[in-house]
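Here the structure is laid out as structure tokens; the discussion comes afterwards.
Coordinate-derived values only; no laboratory data. Every value quoted in this text rests on a predicted model; they were computed, and no experiment measured them. A quick note on method: Cβ atoms are made from the backbone with ideal geometry, for glycine too, and the neighbour counts reach across all protein chains shown.
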Amino acid sequence: MANEPRLPSLDVLHLAQAQGEDALVTARRQAAVVEQVCSQLVHEVAALTNLVTDLVERPAPARLAVSVEEAADMIGVGRSTMFALLESGEVRSVKVGTRRLVPVRALEEFVGQSGSQQVG
């Protein structure tokens, strides 16, 4: 317990007052400043906690397009079948740079119009 902070004894405060220093007033001012800073920190931590909670609980924005592999998974077909559907024009896709992306809406339209038709 050698590392515990020690509070000044009353003798030290009386000695300081006797020497003309108003240590008690200074200590009270410092305590008020510390209290104010702690209060501000509590409010800041609460605001940050709310921000993090909002970010965690907010659903991720829906993606507008997915990769060919993801599209195949979404409609339950293999990669080759998905490419065949894209090549035949049965499912729309867009090219972004070197990537081919499938709009989610195109998948929804394909599944909706396919009904009981055989695919592929």
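Structure notes:
- Legend: calculated FRET efficiency, residue 38 to residue 60, from the Cβ-Cβ distance at R0 = 25 Å, rounded to 0.05, equals 0.10.
- The ranking of 26, 81 by Cβ neighbour count inside 10 Å, starting from the fewest, reads 26, 81.
- In a fully extended conformation the segment linking residue 26 and residue 98 would gain 19.0 nm over its present Cα-Cα distance, using 0.36 nm per residue.
- Model label zone, residue 51; criterion: amide N under 11 Å from point 7 Å along Cα-to-beta-carbon; scope region 25-42: none
- The relative contact order of region 37-120, computed from alpha carbon pairs under 8 Å that lie at least 6 residues apart in sequence, is 27 percent.
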